[in-house]
Structure formats: structure tokens, C-alpha cells
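Read through the structure below, which is laid out as C-alpha cells, and then see the notes.
Coordinate-derived values only; no laboratory data. Treat the numbers as computed from the prediction; the structure is a model and nothing was measured. Cβ placement follows ideal geometry from the backbone for every residue including glycine, while neighbour counts extend to all protein chains displayed.
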Amino acid sequence: MEPVNPFSFDKEASGDGFCDREKETEELLGDIRSSHNVIIFSQRRYGKTSLIKKVLNLAKQEGFLTVYVDLYHILSEQDFAVAYARALTRAMEEGPVEKLFQTLRTIFSSLRPKITLDAEGKPEFTFGLEVGRDPVMDIEDVLESVKKYSEQKNKKAVVVFDEFQQIGQLDRASRIEGVLRSHIQTHRNISYIFMGSKKHLIFDLFTDTRRPFYESAKMFPLGKIPSKELESFVYERFRSTGKHLLRQVAARLVETCESHPYYVQYVSHSLWEISSADSPITDEDLNKAIGLTLSRTSPRYESVWELLPIRHRQSLIALANLSPGDKLFSGAVVQKYGLASAPTFRKALKRLVEKGLADRDQHKYSIIDVFFEKWIRMNFAVE
Ligand SMILES: Nc1ncnc2c1ncn2[C@@H]1O[C@H](COP(=O)(O)OP(=O)(O)OP(=O)(O)O)[C@@H](O)[C@H]1O
Ligand SMILES: [Mg+2]
């Protein structure tokens, strides 16, 4: 059988496709065992979801009730209640559907579960919300049901809220935050894990002294995977599918991607696709793979670019082209990139950070997406 491309960038990493994160896995398992609350944050696509799903699998094997709630699509309090109720349903192990249905009916006090059949005839649970009832009551219902169920089963629990920053976007965000906080702090045997990629939104939720979540959980910034681990991972994945990637080419691949796991997978995927098993893979092949990756990611960058006001575009061009010695807000930089003035540049950068396109570390700004930066340099080089 022809080997299939062993690299993937559009779904979470798992099994053999999961690289390293040993220390992080152990630390998080320790937090879960002690029922700590944790906030995991990182830039986009650093591997938060992949990591937590691996950790949840291990916690489940240790006997924990594991509830994973993805909040990415929620637009209202009702959506939140339903997403959470569904996540709890998935986590329950009750055997036959009828039994699960009975348990759901006893566990919830206000939510009414219904069974429907999906297109393939498989049973699905829906949760009818009562018109006119405050949806916050339903959120409280699920919060307490998780506790009730884990106690009934005599299990400790872990609940993950992925893309938690979405809560901050809801109309009555601070009220929901308050409700979550008041329930969570009485749940001694449940570890709550909040995850998000919009750093400033997550920070606002947890560090603003006026907000209810202030200092209620441990901060866990997820860093990069060490380059040596990524190099060996890529090298091995090529080897196991009968292809020989030179070690130094693997090293340059990881360096070009600045150890960003998503891009390491993306470029490796392109490189695997264009390479043959007949001869070792060289630097030249890698250059082609980087070009191919850029051409595939360009449409996404173009659509982001088109929506940006001129000042933001100019600021990104400046960031992408700055030389190491340049002083960010100096007159020379402002003039070279046509940035109007230092305060205007500063304001544009602040907005870019809020939009999640740039990052600020102390006084240093950078473009978050390494390939977006390459794309800008390719299209808007400034001499
Ligand atoms: N430990 C890992 N080993 C190998 N590849 C990884 C690892 N972690 C992440 N990746 C790669 O990065 C991609 C993004 O990972 P994941 O979706 O877990 O990140 P995320 O931080 O949750 O992203 P987002 O910010 O979009 O929610 C994966 O599809 C995979 O290609
Ligand atoms: Mg994720």
C-alpha cells in the first residue's frame, strides 16, 4: 500500500502525529489530580487543543469524568448552555441510549433533553430551552449537573472550556462570568481549565480586578515545542514512510517555521508531497515546499489584508521589514514606512494586537503568524 502523507495541519495532533509536550502533560495532569483551575493560553495554533485532548484521555484512563466544551461557535447564553449540556452528555458513560436518556432526565433540573434521530438514524440529544426563561438558569443547571453526576459516579472531574474568550463577547458577559465564578469556587472536586488564543481577551477576563475571574486560576502560558524535538519528529515521520530527509534540512525547516508546530506540519506536508523516496530530500526541495505553502496560504492573507485600513497595513509592512538595529518609534522608521507619526503608529499597533495579528512582549512588537510575515515581505519589500 502507498504510504499516506504523515503530516497534517487541519486537525488536532494525536497518536504518532503528536510531538513532545511531555512536561506540559505531566504538569496539567498534576493540576487535574489536585482539582486546580488553570488558564492555558498561547498564540493561535500552538497546540492547546491537541495537548488538552491528550491530557483528557489520560485523565479519563485514571478514572476522571472528562468534559470538553468548545465555545468557538457560541453567540448567546442559550448556545453556551446547550454546548455545555451536550459536552456533559458526551462525557457520560451510561451504555444504552435509553439509560443515558433516563440519567439526563434525572440529572438536569430545568433543561429538558429530547432524543432525535440524525440523518443516519443515530440517536442525538437536543436540549429544549423554555421560551421566556432566563438562560443563565440553564447554565447554572449544567454547572450543578456536572457536579451532581461526578458525585453520583464517585469520580473527580475535569471540565475544559476551549476558546473561553468567546464568553467575553456575549451581551451580558460579566453576569455570566459572575455566575461561573460563584459555582466554580464551591466545586472542590472539579478542575476547570480555560483555554484561549486571544491573549488580551483572556487576560482581561482573568486579571482585571473588577472582573469576577480575577486571580481565580493558575496561568499556564503554552510555549513552543523545543526545536530539537520538532526536528527529530519531522525526520522520523519522513523515515517511517520510506523517505530520507537530511538532518540539516529538517533543522532548517523547523527554523524557517520558527518552531511553530502548525507551520512545521504544513511545510512538512508540502515537502512530503513533492519529494520522492528515491533520493535524499535537499535544501532545494525545501525551498520549493516553502513556496508551495506560501501559495496555499496566500488567499487567506489576502482576505485579511483587504479588510485592514491603510495605517494598519503600513504598520505591518514596517514590522515585517524592520532591521534588528531599527528603533521602533524613531523618526527614521516613521518616515521610511510613511507612518504619519509615532503616536499614530503606536495606536495602529495597539489595534493590531487587539485583532490578534501582532503580539507585544514588553516593548517589542512582532507579527504573530510567521508565514503572514513572509507573505508581507514578499509582496511589500521596502529597501
Ligand atoms: N504536539 C504537537 N505535535 C505535532 N503537531 C502539533 C502539536 N501541537 C500542534 N500541532 C500542529 O498544530 C496544529 C494546531 O494545533 P491545535 O489545533 O491543537 O492548536 P490550538 O492552539 O488549539 O489552535 P487554535 O488557536 O486555532 O485553537 C495541529 O493541527 C498540528 O498540525
Ligand atoms: Mg484550539
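Which value, in debye to the nearest 20, gives the size of the charge dipole of segment 227-303 about its Cα centre, when Lys and Arg are +1 and Asp and Glu are -1 at the Cβ?
Values: 9 positive and 11 negative charges, 28 e Å.
Charge dipole of segment 227-303: 140 debye, to the nearest 20.
Any idea what the relative contact order of the chain is, in percent, if you count C-alpha pairs under 8 Å spaced at least 6 apart? Please report the intermediate quantities before stating the final value.
Details: 514 pairs, mean separation 68.7, N = 383.
Worked out over the chain, it gives 18 percent.
Assuming 1.306 mPa s and 10 °C, estimate D for segment 1-130 with Stokes-Einstein, Rh taken as the Kirkwood radius over Cα pairs, in µm²/s. Before the final figure, lay out each step's value.
Values: Rh = 17.5 Å.
Estimated diffusion coefficient is 91 µm²/s.
Note down the nm distance, to one decimal, between modelled labels 7 Å out along Cα→Cβ at SER330 and at ARG360.
A separation of 2.2 nm, rounded to one decimal place.
Among GLN61, PHE108, ILE39, whose Cα projects farthest towards the positive end of the dipole of the chain, with charges put on the beta-carbon of Lys, Arg (+1) and Asp, Glu (-1)?
Checked the options; the winner is ILE39.
Give the residue from SER174, THR89, LEU75 lying farthest towards the positive end of the charge dipole for segment 56-186; charges sit on Cβ (+1 for Lys and Arg, -1 for Asp and Glu) and the dipole is referred to the Cα centre.
THR89
Could you give the length gained by full extension between VAL97 and GLU124, i.e. 0.36 nm per residue of separation minus their alpha carbon distance, to one decimal place? If you can, show how the numbers build up before the last one.
Working: separation 27, 0.36 × 27 = 9.72 nm, distance 0.93 nm.
Working it through step by step, the gained length comes to 8.8 nm.
Treating only the Cβ atoms of Lys and Arg (+1) and Asp and Glu (-1) as charged, compute the dipole magnitude of the chain about its Cα centre; round to the nearest 20 debye. Mind dumping the intermediate values first?
On the way: 55 positive and 53 negative charges, 197 e Å.
It works out to roughly 940 debye.
Under a 5 Å amide H to amide H cut-off, with H placed in plane at 1.01 Å, what residues pair with VAL160 once short-range neighbours are removed?
It is VAL67, TYR68, VAL69, ILE193, by chain and number.
Just to check I understand the Karplus step: with θ = phi - 60° and J = 6.51 cos²θ - 1.76 cosθ + 1.60, what whole-Hz values come out for segment 172-188, glycine and proline as x?
Whole-Hz 3J(HN,Hα) from phi for segment 172-188: 10, 4, 5, 5, 5, 4, x, 5, 4, 4, 5, 6, 4, 6, 9, 8, 5.
Given Cα pairs under 8 Å that are at least 6 residues apart, what percent is the relative contact order of segment 306-383? Walk me through the numbers on the way to the answer.
Numbers: 68 pairs, mean separation 26.6, N = 78.
Here the relative contact order equals 34 percent.
Please state the relative contact order of segment 101-157 as a whole percent: Cα pairs under 8 Å, 6+ residues apart? Before the final figure, lay out each step's value.
Values: 47 pairs, mean separation 16.7, N = 57.
Relative contact order comes out at 29 percent.
On a 0 to 90 degree scale, rounded to 10, what angle separates helix 310-321 from the longest Cα axis of the chain?
Approximately 70 degrees, to the nearest ten.
Step through the residues of segment 94-102 one at a time and calculate ³J(HN,Hα) from phi using the Karplus curve (6.51 cos²θ - 1.76 cosθ + 1.60, θ = phi - 60°), rounding each to whole Hz and writing x for Gly and Pro.
So the J values, rounded to whole Hz, are 10, x, x, 4, 4, 5, 4, 4, 4.
Hey, with R₀ at 45 Å, roughly what FRET efficiency would ILE274 and ARG181 work out to, going by the Cβ-Cβ distance, to 0.05? Mind showing how you got there, number by number?
Values: r = 52 Å, r/R0 = 1.15.
Efficiency, from the Cβ-Cβ distance: 0.30.
Would you work out the Kirkwood radius for the chain? I mean one over the mean of 1/r across all pairs of different Cα atoms, in Å.
Answer for the chain: a Kirkwood hydrodynamic radius of 23.5 Å.
Note the angle between two axes, namely the Cα long axis of helix 283-306 and the longest principal axis of the Cα atoms of the chain, as a number of degrees from 0 to 90, rounded to the nearest 10.
Between the helix axis and the principal axis of the chain, the angle is about 60 degrees.
Which angle between 0 and 90 degrees, to the nearest 10, do you get for helix 247-256 versus the longest principal axis of the chain when only C-alpha atoms count?
Long axis of 247-256 versus the principal axis of the chain: about 80 degrees.
Could you give the radius of gyration (one decimal) and Dmax (whole number) of the Cα atoms in segment 21-221, in Å?
16.5, 50
Specify the longest stretch of the chain that does not include any exposed loop site, a site being one of the chymotrypsin sites (Phe, Trp or Tyr not before Pro) with a non-H, G, I, E, B DSSP assignment and at most 16 other Cβ atoms within 10 Å. Don't jump to the answer; show the numbers that get you there.
Working: sites that count: TYR72, TYR214, PHE329, PHE380.
Excluding the exposed sites themselves, the longest stretch runs over 73-213.
Sum up the lysine pairs in segment 308-379 that clear both bars: alpha-carbon distance under 13 Å and a spacing of 8 or more or different chains. Before the final figure, lay out the partial values.
Values: LYS327/LYS336; LYS327/LYS364; LYS347/LYS355; LYS350/LYS364.
Within segment 308-379, the lysine pair count is 4.
Once phi is turned into θ = phi - 60°, what whole-Hz ³J(HN,Hα) does the Karplus curve with 6.51, -1.76 and 1.60 give for every residue of segment 46-55, x standing for Gly and Pro?
After applying 6.51 cos²θ - 1.76 cosθ + 1.60, I find 8, x, 5, 5, 4, 5, 5, 5, 5, 4 Hz.
Just to verify a number: FRET efficiency for GLU22 and LYS347, C-beta to C-beta distance, R0 = 56 Å, to 0.05?
Numbers: r = 42 Å, r/R0 = 0.76.
Plugging the Cβ-Cβ distance into 1/(1 + (r/R0)^6) gives 0.85.
Using modelled backbone amide H atoms (1.01 Å from N, in-plane), which distant-in-sequence or interchain residues come within less than 5 Å of ALA13's amide H?
The list, which skips near neighbours in sequence, is SER50.
Report, in debye and to the nearest 20, how large the dipole of segment 308-379 comes out about its Cα centre when Lys and Arg carry +1 and Asp and Glu carry -1 on their Cβ. Don't skip to the end; give the middle numbers.
Numbers: 13 positive and 6 negative charges, 49 e Å.
Value, rounded to 20: 240 debye.
With point charges of +1 on the Cβ of Lys and Arg and -1 on the Cβ of Asp and Glu, referenced to the Cα centre of segment 308-379, which listed residue (LEU339, SER323, ILE376) lies farthest in the positive direction of the dipole?
In segment 308-379, that residue is LEU339.
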